[in-house]
Amino acid sequence: MALLRAAAAELRRRARRSPLPLPPLSSLLSSPPSDPSPPAHCRHLISLRRYPHPASASAFSPDSLYARILLPSHFSPASPLSTSSSSQPADKPPPLTWVDSWIPEAARPYAMLARLDKPIGTWLLAWPCMWSITIAAMPGQLPDFKMLALFGCGAVLLRGAGCTVNDLLDRDIDNKVERTKSRPFASGVLTPLQGVGFLGFQLLLGLGILLQLNNYSRILGASSLLLVFSYPLMKRFTFWPQAYLGLTFNWGALLGWAAIKESLDPAVVLPLYTAGICWTLVYDTIYAHQDKEDDLKVGVRSTALRFGDLTKYWISGFGAACLGSLALSGYNADLGWPYYPFLCAAAAQLAWQISTVELSNRSDCNRKFVSNKWFGALVFSGILFGRLVS
(Lines give C-alpha, C1' and ligand atoms only; values in the text may rest on other atoms or scores of the structure.)
Protein backbone atom coordinates (compact mmCIF):
# COMPACT_ATOMS: atom_id res chain seq x y z
CA MET A 1 0.00 0.00 0.00
CA ALA A 2 2.90 2.37 0.84
CA LEU A 3 4.51 1.62 -2.51
CA LEU A 4 1.27 2.50 -4.32
CA ARG A 5 1.01 5.82 -2.51
CA ALA A 6 4.61 6.65 -3.41
CA ALA A 7 4.07 5.78 -7.06
CA ALA A 8 0.97 7.98 -7.23
CA ALA A 9 2.81 10.90 -5.64
CA GLU A 10 5.65 10.51 -8.15
CA LEU A 11 3.19 10.54 -11.04
CA ARG A 12 1.53 13.72 -9.79
CA ARG A 13 4.90 15.41 -9.39
CA ARG A 14 5.95 14.50 -12.95
CA ALA A 15 2.63 15.71 -14.33
CA ARG A 16 3.04 19.13 -12.68
CA ARG A 17 6.60 19.34 -13.96
CA SER A 18 5.71 18.60 -17.64
CA PRO A 19 1.99 19.27 -18.26
CA LEU A 20 0.34 17.66 -21.25
CA PRO A 21 -0.60 19.88 -24.19
CA LEU A 22 -4.39 20.09 -24.52
CA PRO A 23 -5.75 18.83 -27.81
CA PRO A 24 -8.08 21.02 -29.87
CA LEU A 25 -11.74 21.00 -28.83
CA SER A 26 -12.82 19.64 -32.22
CA SER A 27 -10.66 16.56 -31.71
CA LEU A 28 -12.31 15.91 -28.36
CA LEU A 29 -15.75 15.91 -30.00
CA SER A 30 -14.67 13.71 -32.88
CA SER A 31 -14.68 9.94 -32.93
CA PRO A 32 -11.90 8.17 -30.96
CA PRO A 33 -8.65 7.38 -32.81
CA SER A 34 -8.22 4.01 -34.33
CA ASP A 35 -5.10 3.39 -32.23
CA PRO A 36 -6.07 3.61 -28.57
CA SER A 37 -2.46 3.66 -27.25
CA PRO A 38 -1.35 7.03 -25.79
CA PRO A 39 1.59 9.02 -27.22
CA ALA A 40 5.07 7.96 -26.19
CA HIS A 41 5.75 11.05 -24.06
CA CYS A 42 2.68 10.47 -21.84
CA ARG A 43 2.62 6.70 -21.50
CA HIS A 44 3.52 7.13 -17.84
CA LEU A 45 0.06 8.63 -17.25
CA ILE A 46 -2.94 6.52 -16.52
CA SER A 47 -5.58 7.33 -19.16
CA LEU A 48 -9.12 7.49 -17.83
CA ARG A 49 -10.64 7.70 -21.29
CA ARG A 50 -12.89 4.76 -22.14
CA TYR A 51 -12.93 3.59 -25.72
CA PRO A 52 -16.09 2.06 -27.05
CA HIS A 53 -16.47 -1.65 -27.06
CA PRO A 54 -16.93 -3.04 -30.59
CA ALA A 55 -20.45 -4.17 -29.70
CA SER A 56 -21.49 -0.84 -28.17
CA ALA A 57 -22.27 0.77 -31.55
CA SER A 58 -25.37 -1.33 -31.87
CA ALA A 59 -26.12 -1.88 -28.20
CA PHE A 60 -28.50 1.06 -28.01
CA SER A 61 -29.85 1.12 -31.51
CA PRO A 62 -33.64 1.61 -31.56
CA ASP A 63 -34.20 -2.05 -32.38
CA SER A 64 -31.90 -3.54 -29.76
CA LEU A 65 -33.08 -5.36 -26.66
CA TYR A 66 -31.52 -2.68 -24.41
CA ALA A 67 -33.33 0.09 -26.28
CA ARG A 68 -36.67 -1.68 -26.13
CA ILE A 69 -36.28 -2.07 -22.36
CA LEU A 70 -34.63 1.20 -21.39
CA LEU A 71 -35.80 3.83 -23.86
CA PRO A 72 -39.25 5.44 -23.60
CA SER A 73 -41.76 4.50 -26.26
CA HIS A 74 -41.73 8.06 -27.68
CA PHE A 75 -37.89 8.26 -27.81
CA SER A 76 -36.73 9.65 -31.15
CA PRO A 77 -33.29 8.50 -32.43
CA ALA A 78 -33.09 11.65 -34.54
CA SER A 79 -33.30 13.73 -31.37
CA PRO A 80 -31.79 11.60 -28.56
CA LEU A 81 -31.70 14.49 -26.08
CA SER A 82 -35.48 14.74 -26.14
CA THR A 83 -37.93 12.16 -24.86
CA SER A 84 -40.87 13.69 -26.73
CA SER A 85 -41.43 13.46 -30.44
CA SER A 86 -41.49 16.80 -32.22
CA SER A 87 -43.88 15.64 -34.90
CA GLN A 88 -47.51 14.64 -34.50
CA PRO A 89 -48.48 11.09 -35.38
CA ALA A 90 -49.58 10.69 -38.96
CA ASP A 91 -53.31 10.87 -39.61
CA LYS A 92 -55.01 7.56 -40.10
CA PRO A 93 -56.13 6.93 -43.67
CA PRO A 94 -59.87 7.39 -44.16
CA PRO A 95 -61.86 4.17 -43.78
CA LEU A 96 -62.85 2.36 -46.92
CA THR A 97 -66.41 2.89 -48.13
CA TRP A 98 -68.64 0.68 -50.24
CA VAL A 99 -67.54 2.74 -53.25
CA ASP A 100 -63.93 1.58 -52.74
CA SER A 101 -65.05 -2.02 -52.37
CA TRP A 102 -67.71 -2.41 -55.06
CA ILE A 103 -67.33 0.29 -57.72
CA PRO A 104 -64.83 -0.40 -60.56
CA GLU A 105 -61.72 1.74 -60.34
CA ALA A 106 -62.45 3.63 -63.57
CA ALA A 107 -65.90 4.67 -62.30
CA ARG A 108 -64.81 5.46 -58.75
CA PRO A 109 -64.02 9.18 -59.34
CA TYR A 110 -67.52 9.70 -60.75
CA ALA A 111 -69.07 7.98 -57.75
CA MET A 112 -67.03 10.25 -55.47
CA LEU A 113 -68.12 13.26 -57.52
CA ALA A 114 -71.77 12.32 -56.97
CA ARG A 115 -70.98 11.75 -53.23
CA LEU A 116 -72.29 8.20 -53.37
CA ASP A 117 -69.87 7.44 -50.54
CA LYS A 118 -71.62 10.07 -48.35
CA PRO A 119 -75.35 9.36 -48.45
CA ILE A 120 -76.29 11.94 -45.81
CA GLY A 121 -76.86 14.58 -48.51
CA THR A 122 -79.30 12.27 -50.27
CA TRP A 123 -81.21 11.71 -47.02
CA LEU A 124 -81.44 15.44 -46.36
CA LEU A 125 -82.78 16.02 -49.88
CA ALA A 126 -85.18 13.06 -49.78
CA TRP A 127 -86.85 13.63 -46.40
CA PRO A 128 -88.84 16.76 -47.38
CA CYS A 129 -90.10 14.85 -50.43
CA MET A 130 -91.16 11.92 -48.25
CA TRP A 131 -92.86 14.24 -45.77
CA SER A 132 -94.85 15.90 -48.51
CA ILE A 133 -95.88 12.68 -50.30
CA THR A 134 -97.01 11.13 -47.02
CA ILE A 135 -98.92 14.16 -45.80
CA ALA A 136 -100.71 14.25 -49.17
CA ALA A 137 -101.97 10.68 -48.76
CA MET A 138 -105.64 10.07 -48.11
CA PRO A 139 -106.63 9.82 -44.41
CA GLY A 140 -106.19 6.32 -43.06
CA GLN A 141 -104.10 5.16 -46.04
CA LEU A 142 -100.42 4.51 -46.64
CA PRO A 143 -98.47 6.84 -48.96
CA ASP A 144 -97.93 6.01 -52.62
CA PHE A 145 -94.91 3.66 -52.58
CA LYS A 146 -94.23 4.18 -56.29
CA MET A 147 -93.90 7.91 -55.67
CA LEU A 148 -91.66 7.33 -52.67
CA ALA A 149 -89.38 5.15 -54.82
CA LEU A 150 -89.32 7.64 -57.71
CA PHE A 151 -88.49 10.54 -55.43
CA GLY A 152 -85.84 8.45 -53.65
CA CYS A 153 -84.09 7.77 -56.96
CA GLY A 154 -84.57 11.39 -57.96
CA ALA A 155 -82.90 12.52 -54.72
CA VAL A 156 -79.82 10.43 -55.53
CA LEU A 157 -79.59 11.84 -59.06
CA LEU A 158 -80.38 15.47 -58.24
CA ARG A 159 -78.01 15.49 -55.29
CA GLY A 160 -75.28 14.04 -57.51
CA ALA A 161 -75.97 16.62 -60.22
CA GLY A 162 -75.88 19.41 -57.66
CA CYS A 163 -72.54 18.20 -56.30
CA THR A 164 -71.14 18.02 -59.85
CA VAL A 165 -72.20 21.60 -60.57
CA ASN A 166 -70.85 22.73 -57.20
CA ASP A 167 -67.45 21.08 -57.76
CA LEU A 168 -67.17 22.40 -61.31
CA LEU A 169 -67.72 25.99 -60.19
CA ASP A 170 -65.69 25.68 -56.98
CA ARG A 171 -62.69 23.71 -58.24
CA ASP A 172 -60.35 26.72 -57.78
CA ILE A 173 -61.60 27.13 -54.21
CA ASP A 174 -61.71 23.47 -53.27
CA ASN A 175 -57.99 22.96 -53.80
CA LYS A 176 -57.32 25.59 -51.10
CA VAL A 177 -59.61 24.05 -48.48
CA GLU A 178 -58.30 21.13 -46.44
CA ARG A 179 -61.58 19.18 -46.41
CA THR A 180 -62.23 19.52 -50.17
CA LYS A 181 -58.81 19.47 -51.82
CA SER A 182 -59.09 15.74 -52.57
CA ARG A 183 -62.29 16.11 -54.62
CA PRO A 184 -62.02 14.85 -58.21
CA PHE A 185 -61.72 18.24 -59.94
CA ALA A 186 -59.59 19.92 -57.27
CA SER A 187 -57.14 17.00 -57.24
CA GLY A 188 -57.04 16.70 -61.05
CA VAL A 189 -58.44 13.17 -61.18
CA LEU A 190 -61.24 14.35 -63.50
CA THR A 191 -61.22 17.16 -66.05
CA PRO A 192 -64.02 19.75 -66.30
CA LEU A 193 -65.02 18.28 -69.67
CA GLN A 194 -65.50 14.86 -68.11
CA GLY A 195 -67.54 16.51 -65.37
CA VAL A 196 -69.84 18.21 -67.86
CA GLY A 197 -70.42 14.90 -69.63
CA PHE A 198 -71.23 13.20 -66.32
CA LEU A 199 -73.60 16.05 -65.42
CA GLY A 200 -75.46 15.58 -68.70
CA PHE A 201 -75.81 11.86 -67.97
CA GLN A 202 -77.28 12.54 -64.51
CA LEU A 203 -79.72 15.14 -65.82
CA LEU A 204 -80.85 12.76 -68.55
CA LEU A 205 -81.67 10.11 -65.96
CA GLY A 206 -83.40 12.73 -63.84
CA LEU A 207 -85.52 13.74 -66.81
CA GLY A 208 -86.64 10.13 -67.13
CA ILE A 209 -87.96 10.28 -63.56
CA LEU A 210 -89.58 13.69 -64.02
CA LEU A 211 -91.51 12.44 -67.03
CA GLN A 212 -93.19 9.87 -64.78
CA LEU A 213 -95.01 12.72 -62.97
CA ASN A 214 -98.02 14.82 -63.98
CA ASN A 215 -97.61 17.95 -66.10
CA TYR A 216 -97.99 20.31 -63.14
CA SER A 217 -95.15 18.52 -61.34
CA ARG A 218 -92.95 18.46 -64.44
CA ILE A 219 -93.00 22.25 -64.69
CA LEU A 220 -92.50 22.66 -60.96
CA GLY A 221 -89.64 20.14 -60.93
CA ALA A 222 -87.86 21.63 -63.94
CA SER A 223 -87.98 25.09 -62.33
CA SER A 224 -85.80 23.82 -59.46
CA LEU A 225 -82.82 23.54 -61.81
CA LEU A 226 -82.37 27.31 -61.64
CA LEU A 227 -81.75 26.98 -57.91
CA VAL A 228 -79.48 23.95 -58.37
CA PHE A 229 -77.21 25.70 -60.88
CA SER A 230 -77.03 29.04 -59.07
CA TYR A 231 -76.53 27.84 -55.50
CA PRO A 232 -72.71 27.32 -55.73
CA LEU A 233 -72.28 31.00 -56.63
CA MET A 234 -74.07 32.31 -53.55
CA LYS A 235 -71.13 31.89 -51.17
CA ARG A 236 -69.26 34.47 -53.24
CA PHE A 237 -71.89 37.19 -52.80
CA THR A 238 -73.76 36.67 -49.53
CA PHE A 239 -73.27 35.42 -45.99
CA TRP A 240 -76.52 33.47 -46.37
CA PRO A 241 -75.75 30.66 -48.86
CA GLN A 242 -77.28 28.22 -46.35
CA ALA A 243 -80.66 29.95 -46.76
CA TYR A 244 -80.36 29.58 -50.53
CA LEU A 245 -79.47 25.92 -50.06
CA GLY A 246 -82.66 25.61 -48.00
CA LEU A 247 -84.70 26.92 -50.93
CA THR A 248 -83.03 24.33 -53.17
CA PHE A 249 -82.91 21.27 -50.93
CA ASN A 250 -86.51 21.54 -49.75
CA TRP A 251 -88.13 22.01 -53.16
CA GLY A 252 -89.39 18.45 -52.75
CA ALA A 253 -91.77 19.67 -50.02
CA LEU A 254 -93.67 21.41 -52.83
CA LEU A 255 -93.06 18.82 -55.52
CA GLY A 256 -94.16 15.78 -53.50
CA TRP A 257 -97.59 17.26 -52.77
CA ALA A 258 -97.98 18.35 -56.40
CA ALA A 259 -97.10 14.84 -57.63
CA ILE A 260 -100.05 13.44 -55.64
CA LYS A 261 -102.60 16.27 -55.81
CA GLU A 262 -101.64 17.96 -59.12
CA SER A 263 -101.88 21.28 -57.27
CA LEU A 264 -100.50 23.08 -54.22
CA ASP A 265 -102.30 23.77 -50.95
CA PRO A 266 -100.49 26.80 -49.47
CA ALA A 267 -101.88 26.17 -45.96
CA VAL A 268 -100.04 22.84 -45.84
CA VAL A 269 -97.05 23.04 -48.18
CA LEU A 270 -95.83 26.57 -47.41
CA PRO A 271 -95.34 25.88 -43.65
CA LEU A 272 -93.74 22.55 -44.61
CA TYR A 273 -91.39 24.30 -47.05
CA THR A 274 -90.55 26.97 -44.46
CA ALA A 275 -89.81 24.28 -41.89
CA GLY A 276 -87.38 22.63 -44.30
CA ILE A 277 -85.58 25.92 -44.98
CA CYS A 278 -85.16 26.62 -41.25
CA TRP A 279 -83.98 23.05 -40.70
CA THR A 280 -81.36 23.49 -43.43
CA LEU A 281 -80.14 26.69 -41.78
CA VAL A 282 -79.54 24.69 -38.61
CA TYR A 283 -77.69 21.70 -40.02
CA ASP A 284 -75.75 23.49 -42.75
CA THR A 285 -74.56 26.24 -40.40
CA ILE A 286 -73.18 23.50 -38.14
CA TYR A 287 -71.61 21.91 -41.22
CA ALA A 288 -70.08 25.23 -42.33
CA HIS A 289 -68.22 25.59 -39.04
CA GLN A 290 -65.87 22.84 -40.28
CA ASP A 291 -64.47 25.17 -42.95
CA LYS A 292 -64.65 28.60 -41.33
CA GLU A 293 -60.86 29.09 -41.10
CA ASP A 294 -60.34 28.05 -44.73
CA ASP A 295 -63.34 30.16 -45.84
CA LEU A 296 -61.73 33.22 -44.31
CA LYS A 297 -58.49 32.52 -46.19
CA VAL A 298 -60.09 32.05 -49.61
CA GLY A 299 -62.70 34.79 -49.15
CA VAL A 300 -65.99 32.87 -49.31
CA ARG A 301 -68.92 33.52 -46.99
CA SER A 302 -71.25 31.47 -44.83
CA THR A 303 -73.69 31.78 -41.95
CA ALA A 304 -70.99 30.25 -39.74
CA LEU A 305 -68.89 33.38 -40.33
CA ARG A 306 -71.94 35.66 -40.15
CA PHE A 307 -73.13 34.32 -36.80
CA GLY A 308 -69.71 33.74 -35.23
CA ASP A 309 -69.91 33.31 -31.46
CA LEU A 310 -73.69 33.80 -31.57
CA THR A 311 -74.22 30.73 -33.74
CA LYS A 312 -76.06 28.70 -31.11
CA TYR A 313 -78.54 31.52 -30.48
CA TRP A 314 -79.24 31.88 -34.20
CA ILE A 315 -79.69 28.19 -34.92
CA SER A 316 -81.83 27.80 -31.79
CA GLY A 317 -84.17 30.39 -33.27
CA PHE A 318 -84.23 28.63 -36.63
CA GLY A 319 -84.84 25.31 -34.88
CA ALA A 320 -87.84 26.76 -33.03
CA ALA A 321 -89.19 28.20 -36.28
CA CYS A 322 -88.75 24.81 -37.97
CA LEU A 323 -90.70 22.98 -35.28
CA GLY A 324 -93.45 25.60 -35.18
CA SER A 325 -93.87 25.42 -38.94
CA LEU A 326 -94.04 21.62 -38.83
CA ALA A 327 -96.71 21.79 -36.15
CA LEU A 328 -98.72 24.29 -38.21
CA SER A 329 -98.46 22.20 -41.37
CA GLY A 330 -99.59 19.07 -39.54
CA TYR A 331 -102.49 20.89 -37.94
CA ASN A 332 -103.65 22.31 -41.28
CA ALA A 333 -103.37 18.84 -42.84
CA ASP A 334 -105.52 17.32 -40.05
CA LEU A 335 -102.88 14.82 -39.00
CA GLY A 336 -103.80 12.55 -36.08
CA TRP A 337 -102.43 12.71 -32.54
CA PRO A 338 -99.40 10.39 -33.11
CA TYR A 339 -97.81 13.15 -35.18
CA TYR A 340 -97.19 15.35 -32.13
CA PRO A 341 -95.27 12.88 -29.89
CA PHE A 342 -92.97 12.17 -32.81
CA LEU A 343 -92.59 15.91 -33.35
CA CYS A 344 -91.60 16.26 -29.69
CA ALA A 345 -89.00 13.52 -30.17
CA ALA A 346 -87.67 15.36 -33.23
CA ALA A 347 -87.52 18.56 -31.15
CA ALA A 348 -85.46 16.74 -28.53
CA GLN A 349 -83.07 15.46 -31.19
CA LEU A 350 -82.63 18.97 -32.59
CA ALA A 351 -82.12 20.43 -29.12
CA TRP A 352 -79.48 17.78 -28.42
CA GLN A 353 -77.61 18.74 -31.58
CA ILE A 354 -77.59 22.45 -30.82
CA SER A 355 -76.77 22.18 -27.12
CA THR A 356 -73.93 19.67 -27.41
CA VAL A 357 -72.20 20.58 -30.69
CA GLU A 358 -68.61 21.80 -30.31
CA LEU A 359 -68.38 24.38 -33.07
CA SER A 360 -64.57 24.47 -32.90
CA ASN A 361 -64.34 20.69 -33.34
CA ARG A 362 -64.61 19.63 -36.98
CA SER A 363 -65.34 15.99 -36.28
CA ASP A 364 -68.09 16.84 -33.79
CA CYS A 365 -69.68 19.29 -36.25
CA ASN A 366 -69.73 16.53 -38.84
CA ARG A 367 -71.25 14.04 -36.39
CA LYS A 368 -74.06 16.43 -35.49
CA PHE A 369 -74.64 17.23 -39.16
CA VAL A 370 -74.94 13.54 -40.08
CA SER A 371 -77.35 12.94 -37.19
CA ASN A 372 -79.98 15.03 -38.98
CA LYS A 373 -81.07 11.96 -40.92
CA TRP A 374 -82.69 10.84 -37.66
CA PHE A 375 -84.52 14.15 -37.29
CA GLY A 376 -85.96 13.65 -40.77
CA ALA A 377 -86.90 10.05 -39.94
CA LEU A 378 -88.73 11.08 -36.76
CA VAL A 379 -90.77 13.72 -38.60
CA PHE A 380 -91.59 11.22 -41.37
CA SER A 381 -92.69 8.61 -38.82
CA GLY A 382 -94.95 11.17 -37.13
CA ILE A 383 -96.58 12.14 -40.44
CA LEU A 384 -97.03 8.48 -41.40
CA PHE A 385 -98.74 7.44 -38.16
CA GLY A 386 -100.60 10.73 -37.93
CA ARG A 387 -102.05 10.17 -41.39
CA LEU A 388 -103.00 6.55 -40.67
CA VAL A 389 -105.14 7.48 -37.66
CA SER A 390 -106.57 10.73 -39.02
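Accessible surface of Glu178, taken over heavy atoms with a 1.4 Å probe and every protein chain present, rounds to 110 Å². For segment 271-390, with all protein chains in place and a probe radius of 1.4 Å, 63% of the accessible heavy-atom surface sits on carbon or sulfur.
Based on protein heavy atoms only, segment 273-349 ends up with 42 Å² per residue of surface accessible to a 1.4 Å probe.
Stokes-Einstein D for segment 180-246 at 25 °C, 0.890 mPa s, Kirkwood Rh over Cα pairs, in µm²/s? For these conditions, the coefficient is 172 µm²/s. Think of a 1.4 Å ball rolled over the protein heavy atoms: segment 147-255 then has 46 Å² of accessible area per residue.
Taking all Cα pairs closer than 8 Å and separated by 6 or more residues, the relative contact order of segment 174-264 comes to 21 percent. Listed by chain and number, the lysines whose C-alpha is less than 28 Å from the C-alpha of Lys235, apart from same-chain residues fewer than 8 away, are Lys118, Lys176, Lys181, Lys292, Lys297, Lys312, Lys368, Lys373.
When the Kirkwood hydrodynamic radius is evaluated over all pairs of different C-alpha atoms of segment 311-390, what value in angstrom, to one decimal, is obtained? Computed over Cα pairs of segment 311-390, the Kirkwood hydrodynamic radius comes out at 13.2 Å.
Give the carbon-plus-sulfur fraction of the accessible surface of segment 168-260 in %, rounded to a whole number; probe 1.4 Å, heavy atoms of protein chains only.
Here it works out to 69 percent.
Would you mind telling me the share, in percent, of accessible area of segment 108-149 contributed by carbon and sulfur at probe 1.4 angstrom? Percent of accessible area from carbon and sulfur atoms in segment 108-149: 70.
The values are calculated or read from the model by the stated rules, or taken from the named source; none is laboratory data. In this text the structure is predicted, and so the values were computed from the model without any measurement. Protein only, heavy atoms only, side chains kept; ligands, DNA and RNA dropped before computing areas. Shrake-Rupley method; radii C 1.70, N 1.55, O 1.52, S 1.80 Å.
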